[in-house]
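Just below is one structure, and these are the notes that go with it.
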Amino acid sequence: MSNIEIRNKNGSRVSPALSTHSDSKTDGDVLSRDEKAVRLLILNAFEYIRSDDFDRYFDLFSEDAIWMMPSSNRDVGLIEAKSFYGFTKKFRFDQSTSVEELVVADDIAFARVGFDGYLRSRVDQNAPPLRSVSRHLWIMNKQLDGSWKISRDIWNTPKNKS
């Protein structure tokens, strides 16, 4: 199973289990309901990305979500993003995931997210895995019903793993 690492603003590692425990603390403060909800959103995204039901990943995005794709001058919306990620029908993500920074402020949050690993064929178990590394900035917004959704995914694919 992939490891998940979350760091706060000052770079200190925070346990992802903090997202579900009401008595958990970070930097000496009890996490707010919004901080817990945002962490759970991120953990759910990681779970759905690695699952056999990748389509659930898109349920975590707002209807007006925008993806800023690497090496592109054009942003894409939800329908185009679903089309782009159609390859997940043939491949499974096998990646470690990390959150390098997470900030929740009022009705907006952002996270610097990293993925590092491989795409493995669902069809041909003997096919060699494909290297897959990406870095993302997820911007999340609190919805009118109080839930949180990802509204922007700005990402790149670094040439060399550093």
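Note on region 123-145: among residues that are more than 22 Å from Tyr85 (Cβ to Cβ) and touching a residue at least 60 places away in the same chain (Cβ under 8 Å), the one that is farthest from the chain's Cα centre (by Cα) is Gln143.
Within the group Phe93, Phe58, which residue is part of a strand (DSSP E or B), touching a residue at least 12 places away in the same chain (Cβ under 8 Å) and either surrounded by fewer than 17 Cβ atoms within 10 Å (Cβ to Cβ) or among the aromatic types (Phe, Trp, Tyr) (or both)? Going through Phe93, Phe58 in turn, just one is part of a strand (DSSP E or B), touching a residue at least 12 places away in the same chain (Cβ under 8 Å) and either surrounded by fewer than 17 Cβ atoms within 10 Å (Cβ to Cβ) or among the aromatic types (Phe, Trp, Tyr) (or both): Phe93.
Inside region 61-84, can you point out the residues that are crowded, with 16+ Cβ neighbours inside 10 Å, within 14 Å of Ser134 (Cβ to Cβ) and not aliphatic (A, V, I, L, M)? Trp67 - this is the single residue of region 61-84 that is crowded, with 16+ Cβ neighbours inside 10 Å, within 14 Å of Ser134 (Cβ to Cβ) and not aliphatic (A, V, I, L, M).
Summed over region 108-149, residues that are acidic (Asp, Glu) and either exposed (fewer than 15 other Cβ atoms within 10 Å of the Cβ) or part of a loop (DSSP other than H, G, I, E, B) (or both) total 2. State the number of residues belonging to region 50-78 that are hydrophobic (A, V, I, L, M, F, W, C), touching a Ser or Thr at 6+ places or on another chain (Cβ under 8 Å) and within 15 Å of Trp138 (Cβ to Cβ). So the count comes out to 3.
Bear in mind that the values in this text are calculations on the coordinates, not laboratory data. Computed from a predicted structure; not experimentally measured. Cβ: placed from backbone, ideal geometry, glycine included. Neighbour counts: every protein chain shown.
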